[in-house]
């Protein structure tokens with residue numbers, strides 16, 4: 001089911017309760033945000049780990065799986081570094 005959300009003045013949005021319930025996302029949970037093919041993708045760290053495990057499991061039958069795994073992990077690290085830089089820019093207090 002699709003949900004329409006709006007971006008607020010400070011770039012914030014609210015995930016609809018039905019979506020949060022469906023995906024077991026609670027208050028204080030962290031999501032990793034990334035851009036993919038013109039879309040915004042939000043994933044829990046657990047979902048990322050599961051996706052990486054799945055890619056690793058297919059590595060035996062698909063020689064490209066390792067390349068995809070490395071590309072995904074590199075993208076995840078880039079996002080984490082970006083988040084860390086943003087947190088360091090915020091004034092204390």
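The values are calculated or read from the model by the stated rules, or taken from the named source; none is laboratory data. What you see is a predicted model; the values in this text were computed from it and never measured. Because the Cβ atoms are built from the backbone with ideal geometry, glycine has one as well, and the counts that use them run over all protein chains shown.
Numerical summary
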quantity: Selected residue [exposed (fewer than 12 other Cβ atoms within 10 Å of the Cβ) and assigned to a loop (DSSP other than H, G, I, E, B)] from 40, 25, 4; calculated: 4
quantity: Selected residue (only one of 88, 34, 68 is over 20 Å from residue 13 (Cα atoms) and touching a helix residue (DSSP H, G or I) at 6+ places or on another chain (Cβ under 9 Å)); calculated: 68
quantity: Residue within region 8-17 that is at pLDDT 90 or above and outside any loop (DSSP other than H, G, I, E, B) present; calculated: yes
quantity: Per-region count, region 53-82, residues surrounded by 13 or more Cβ atoms within 10 Å (Cβ to Cβ) and modelled with pLDDT of 85 or more; calculated: 5
